Each structure stands twice: as structure tokens, then as C-alpha cells.
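To start, the structure under review is shown below, and the notes come after it.
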Amino acid sequence: MRGLITNIEIAIFTKKVTPGQAGKAIDKTMIDNTVTKADTYMFNTYKRFPITLVKGDGCKVWDEKGNEYIDFVGGIAVCALGHSSPIVSKAIYEQSKKLVHVSNLFYTQPQAELAQILVENSFADRVFFCNSGAEANEAAIKLARRYSKEKFGPAKYAIITMENSFHGRTMATLSATGQEKIRIGFDPFLEDFRYIPFNDLDTLNTAIDSSVCAVMLEPIQGEGGVVVPDSDYLKGVKEICQKHDVLLILDEVQAGMGRTGRLFSYEHFGIVPDIMTLAKALGNGLPVGAMLATEKLADAFGPGSHATTFGGTPLITAGALAVVKNLLNDGWIENAKTMGDYFKNQLANLQKQYNIIKDIKGLGLILGVLLDRNGADIVNACMEKGVLINCVQGNILRFVPPLIITKNEIDRLITCLDEIFKAIKT
């Protein structure tokens, strides 16, 4: 690994350290114990990398040994404004001095203002706040079923989702997820979720019958392999849904909030959904999710129909409000498009040199490289060179960096991949 940087502070709430600043030596006890403690006391539900990250700034993070990394994982498409964003930190600090939590039995200003800005910049009329993408998708599933049963009767409740989709790990969202490897061992699932191929209008048209109340899909499949549909696919899905009085639910948990070069990815395809879910980048690391819908669905979620204790607290919505305002006003959505185009072109140049790359996929700053082999060794090699990436579906390198990423940081990754591919080739 690279040389030790001894002036990186270990404690989470220490002041920011700048290059050259004198600092304390690293606590070796903490280094030795962090991984051991986690492996001893926590469920082993993640295959973690063997590093302990202790500090972040912009697109960079540092481990407990002082090694610096450029982060192209971004908390899995979460840290849109980068790590330790001063804008978000200031918002939650100021709000923490005023009001942290009172429950949703009362109105709070940050929550109302966040709802307003999301509605005014989307198709939607109403917002429900929760704590995660899975909870947002739970709410969407419940709303679709309740609305359809109230309007059409008890026989309209089935939901069509896509193969290779990912909607969460609660029982309802797991039932909606079209990846068998994620579902193994958790059956029986909720009834009447039906899986069909993504990007296939003929199969969708055939699959819809009178029992179907909604079609649920990701405009871009992230965990499924960074799959972007044909340009006319979502428009065709919308037309089929309208023909059959079926709701369209778009899961924008990963691809929304500016990542594709538009605030919401549905804007690329010339349609609007009936329901949309958000999370991840909405809070830039704060636990927040949102389910947005049109006014016609609002009455189906009256008082007592759905609730959450911690969803949309003043503290969290103050932070999320700062995120949305910054994305809209400071050019980061445009930067996602510009840097995404540059990034994709640089990856395409690599593809011309190395047969190991079979395809370049994605839109904006959700990009994937399809390999002719398993990508785990390449992910590890990048980490050794100071760049963090990850792999989905075994052989697809996925890049979802902060939207504030620069050309220099992209070039660092490209150089890293070039060196790795060259070594493999020779």
C-alpha cells in the first residue's frame, strides 16, 4: 500500500486535517481492533474490504493507516455532494440546535419545505417521507394496492416487476425484487409479484391482466448491471399501463437525484410515473427516503393508513433540503452530465485497447464496464492503487462517484484501469 499519512485524525468528530498539518500518531490499538470487533460482534451480512475508513472529504476517503483513496463507490450512489459536505454539515448542525425530533404528529418546517421543493421540481403532488429506499418502495407497493382496491375492487392487486431488478430487502421489497440469488431462503414471499424481462414491451403487454394494479421498475437497473433501456421503452410501458388502468411505479432510489444528468432519470424518456421512490443521494448519507405520487392517489393514504416514527424528522429533512437546493442551484446536475460524458468516452478509449472490456453501459454518472471475466480481482487491484470501485453481477465494474467528481479524478481511475488491464494483457 501507499505511504503512511500520520496526521489523519482517527476520531469521527475531530477538526479537518490539512496536508502538512502536524497531528497525533495513529492509535494502533484502534487499528488492530476495528476489524476484529466488527467481525466478532456484528452479523456477517457484508463481504467487507479489509480497510477501515475513518475520514472523507469531497471525492476522497482515508483509511486508519492514512492511505488516501478516490471513491467511485460514493456510499453506493449516496454521497452526491461528496464526503463531509460542508453544506450538509452546516444544515444539520444548525437544525440540531433547534429541533431534532418530535414525531409526525406535528408539523415541522424543514419537512414541509423539502416536500415543496420535491413537488415543484417533479411530476408529483404529494410526498411521504421515510428512512430508506426499501421503506419508500414499501410505501409505493402499499399505496398502489390500496388505491387500486378502493377504485377497482379487491381483485386488482398484482404487481409486475422486472427480472434482475432490486427494490430492497424487506419482505415486500424482496418479493418485488427479480433476483433469485437475493431471495434464497426467505420464502414464502408476498403473493402476486410477477417477474418479466426488462426492456421487453411485448412480454409486458401479454403479462398484464385484470388482476394487475401496477408495474414497478427502475428506469436504469443499477444492482442488475447498470442496464439502460431502449429510448422508447419507458414510453411504451407508460402507454401499456394507461391502456389497462395500471399504475406505473418508478424506483429512482439509485438513479435519481441528478445522477443521470437530470434531477430524475424519467426526464430522459419523455414520460411521468404515477409513483416514484427516492433515497440514497437525497440525504447525501443521512437516512431518508421519499415516496412521491400524483394527487389522484392521495386519498388512498389518509390518516392511519401508513406511518413511520422517524421518517422525515426535522434534522434529516433539513439536511436533505440543503442537498436538493445545492443540486439544483450549484450546477452539480450539469456536472454529472458533463463528467459522465467525459468518463464514458475515456472508458470507450480503454475498450479500444483491451479486449477484456466487452461493453460500456450507463448514463451520466451511473456507469458500468462489462468484462469478459469476474471483476473481483480488478476491484482489489484498484483499491491497492488508491481507487475504490465495486462490481455487480460478478463481471460488471460499477462507477457511481459523487456528482462533484472532476476530470483529474476520473483520469486517475482511467490510468489505474489502464495499468491493471495492461498487466493482464501481458
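The values are calculated or read from the model by the stated rules, or taken from the named source; none is laboratory data. Here the structure is a predicted model, which is why all the values come from computation and not from measurement. So basically every Cβ, Gly included, is an ideal-geometry build from the backbone, and we count neighbours across all protein chains shown. Heads up: the accessible areas ignore ligands, DNA and RNA and are worked out on the full protein's heavy atoms, side chains in. Shrake-Rupley method; radii C 1.70, N 1.55, O 1.52, S 1.80 Å.
Determine the equivalent ellipsoid of the chain by diagonalising the alpha-carbon gyration tensor, then write out the semi-axes as square roots of 5 times the eigenvalues, largest first, rounded to whole Å.
After diagonalising the Cα gyration tensor, the semi-axes are 36, 27, 20 Å.
With both partners inside the chain, how many of the DSSP beta bridges are antiparallel, as a percent to the nearest 5?
Around 65 percent antiparallel, to the nearest 5.
Rounding to the nearest 20 debye, state how big the charge dipole of segment 126-186 is about its Cα centre with +1 on each Lys and Arg Cβ and -1 on each Asp and Glu Cβ.
Around 240 debye, computed over segment 126-186.
Provide the packing ranking of 121-130, 73-82, 195-204, i.e. peptides ordered by the mean count of other C-beta atoms within 10 Å per residue, highest first.
Per-residue Cβ counts within 10 Å, averaged per peptide and sorted highest first, yield 73-82, 121-130, 195-204.
When you take every Cα atom in segment 299-426, what is the radius of gyration, and what is Dmax, the widest Cα pair distance, in Å?
Rg, Dmax (Cα atoms, Å): 19.2, 66.
Roughly how many Å is it from the Cα centre of segment 355-419 to that of segment 79-153, as a whole number?
Computed from Cα coordinates, the inter-centre distance equals 32 Å.
Heavy atoms only, probe 1.4 Å: what % of the accessible area of segment 122-192 goes to carbon and sulfur, would you let me know?
51 percent
Using helices alone, what [θ] at 222 nm do you get for the chain, with -39,500 (n - 2.57) per DSSP H run of 4 or more residues, divided over all residues and rounded to the nearest 500?
Values: 13 runs with 155 residues, N = 426.
That comes out to -11500 deg cm²/dmol.
Between T34 and L350, what length comes free when the chain is fully extended (0.36 nm per residue of separation minus the Cα-Cα distance, one decimal in nm)?
110.0 nm
Calculate the translational D of segment 224-297 in whole µm² s⁻¹ from Stokes-Einstein, where the hydrodynamic radius comes from the Kirkwood formula applied to all Cα pairs, the temperature is 25 °C and the viscosity 0.890 mPa s.
Details: Rh = 13.2 Å.
Translational diffusion coefficient: 186 µm²/s.
Find which of N329, P154, L315 sits farthest along the positive direction of the dipole of the chain, computed with +1 on the beta-carbon of Lys and Arg, -1 on that of Asp and Glu, about the Cα centre.
L315
Sorting check: for 303-309, 258-264, which peptide has the highest mean count of neighbouring beta carbons within 10 Å, and how do the rest follow?
258-264, 303-309
Out of the total accessible area of segment 267-391 (probe 1.4 Å, heavy atoms of protein only), what percent is carbon and sulfur?
Within segment 267-391, the accessible surface is 50 percent carbon and sulfur.
Which lysines, on any chain, are close to K296 with Cα under 25 Å apart, when same-chain ones fewer than 8 places away are left out?
Cα-Cα hits under 25 Å: K142, K149, K151, K156, K235, K238, K243.
Hey, what's the chain come to in accessible area per residue, 1.4 Å probe, Å²?
Numbers: 19790 Å² over 426 residues.
Per-residue value: 46 Å².
How high is the FRET efficiency from R48 to S210, r the C-beta distance, R0 41 Å, rounded to 0.05?
Once the sixth-power term is evaluated, E becomes 0.30.
What is the set of long-range amide H partners of C391 at a cut-off below 5 Å, with H atoms built 1.01 Å from backbone N?
Correct list: R398.
Counting Lys and Arg as +1 and Asp and Glu as -1, each charge on the Cβ, what is the dipole of the chain about the Cα centre in debye, to the nearest 20? Before the final figure, lay out each step's value.
Details: 45 positive and 47 negative charges, 184 e Å.
Taking the Cα centre of the chain as origin, the dipole is about 880 debye.
For K425, which lysines qualify as cross-link partners when the Cα separation must be under 21 Å and same-chain residues fewer than eight apart are set aside?
Straight-line reach from K425, under 21 Å: K352, K358, K385.
At I182 and E239, where each label point lies 7 Å from the Cα along Cα→Cβ, what is the point-to-point distance in nanometres?
Once both label points are built, they end up 3.0 nm from each other.
Please compute, over every Cα-Cα pair in segment 33-92, the percentage with a separation greater than 13 angstrom.
Considering segment 33-92, 68 percent of its Cα-Cα pairs are separated by more than 13 Å.
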